[in-house]
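The values are calculated or read from the model by the stated rules, or taken from the named source; none is laboratory data. Remember, predicted model here, so these are calculated numbers, not experimental data. Cβ placement follows ideal geometry from the backbone for every residue including glycine, while neighbour counts extend to all protein chains displayed.
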Amino acid sequence: MPLPTPGPSLCLQDAGVTLSGRPVLHDLTFDLTEPRIGIVGRNGSGKTTLLRLLAGLIAPTCGTVRLGGLDPARDRRAVLGRVGILFQNPDHQILFPTVGEELAFGLRQMGRTGEQAERAVADLLAADGRSHWAAAPVSTLSHGQRHYLCLLAVLLMEPAILLLDEPFAGLDLPTEARLARRLADLPQQVITVTHDPAAVARVDRVIWLEAGRVHRDGPAGPVLAGFAVAMAERGASDADTDLAG
């Protein structure tokens, strides 16, 4: 598979999101230029909403999100091959009954013919030592295998930017280790959303969200150290007293 062509970075300017009348993200301004970026925060901090915003799955209520001159929410087809997203739950992403059909879907959306998509799927599975997966029902795969299938489907589209939502959630340790090795070797820019500092300990930059705002932004070491201290302090008290019921 050819390497993704380097391109423009995702840029936010005063971006905010309100869902069901409730502000979720506030005044976010940053350029995401580093090869490996982590976005951390406790549950309810707006991490997943931010990832969906970056992918163009939702539009900002105010401000802008741009990838070069493109608005990801308005120009979905144009950014389809530039930005890929891997959801936390593979069952929220899988649409088709067999592995081959699932893998081919994104390529068909990008305008490939059925024959071209099938050839690309066969080549990918052969290179990965999984040719026997092609006709397999998705229902026969384990949770970890379905998660890996979703990653393969995204990588087939050769995006330059890969967005990951809690990529190791629900995986056993061997599956987590294999997925971590695969992700580390990818040429794409990888932006990972997580509540687990260990998952992003070696990235180039970490953005810490608190109540939908950037609390800290910088190198992984100091930002994650501060995050760990803050979460330990919250854990020593009733950490949920400030959350709506």
**OP:** Name the single residue, out of those in the range 214-233 being modelled with pLDDT of 95 or more and β-branched (Val, Ile, Thr), that is farthest from Asp14 (Cα to Cα).
**Re:** Val223
Subject >> Which listed residue, of Leu171, Leu164, Leu209, is surrounded by 13 or more Cβ atoms within 10 Å (Cβ to Cβ), farther than 19 Å from Pro90 by Cα and not assigned by TED's automatic domain parsing to the domain that holds Arg108 >> reply: Leu209
Original post:
over 26 Å from Leu125 (Cα atoms) and charged (D, E, K, R), is that true of Arg77?
Top reply: no
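Can you tell me which residue among Arg108, Arg146, Arg130 is of a type in the set (D, E, K, R) and surrounded by 18 or more Cβ atoms within 10 Å (Cβ to Cβ)?
The match here is Arg146.
Are any residues in the range 78-110 of a type in the set (Lys, Arg) and either modelled with pLDDT under 85 or in contact with a helix residue (DSSP H, G or I) (Cβ under 8 Å, 6 or more places away or on another chain) (or both), and if so, which ones?
Hit for the range 78-110 is Arg108, nothing else.
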Subject >> Selected residue (criterion: surrounded by the fewest Cβ atoms within 10 Å (Cβ to Cβ)) from residues of the range 11-37 that are of a type in the set (D, E, K, R) and touching a residue at least 40 places away in the same chain (Cβ under 8 Å) >> reply: Asp14
Original post:
Quick check: anything in the range 3-15 more than 26 Å from Leu155 (Cα to Cα) and in contact with an Asp or Glu (Cβ under 6 Å, 6 or more places away or on another chain)?
Top reply: yes
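For every residue, the table says whether it meets (1) crowded, with 19+ Cβ neighbours inside 10 Å; (2) touching a His at 6+ places or on another chain (Cβ under 8 Å); (3) within 23 Å of His147 (Cα to Cα).
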residue	(1), (2), (3)
Ser45	yes, no, no
Leu50	yes, no, yes
Arg77	no, no, no
Gln88	no, no, yes
**OP:** For residues that are of a type in the set (Lys, Arg) and modelled with pLDDT under 95, tally how many sit in the range 190-213.
**Re:** 1
Original post:
In this structure, is Gly56 in the same structural domain as Val200 (by TED's automatic domain parsing) and in contact with a helix residue (DSSP H, G or I) (Cβ under 7 Å, 6 or more places away or on another chain)?
Top reply: yes
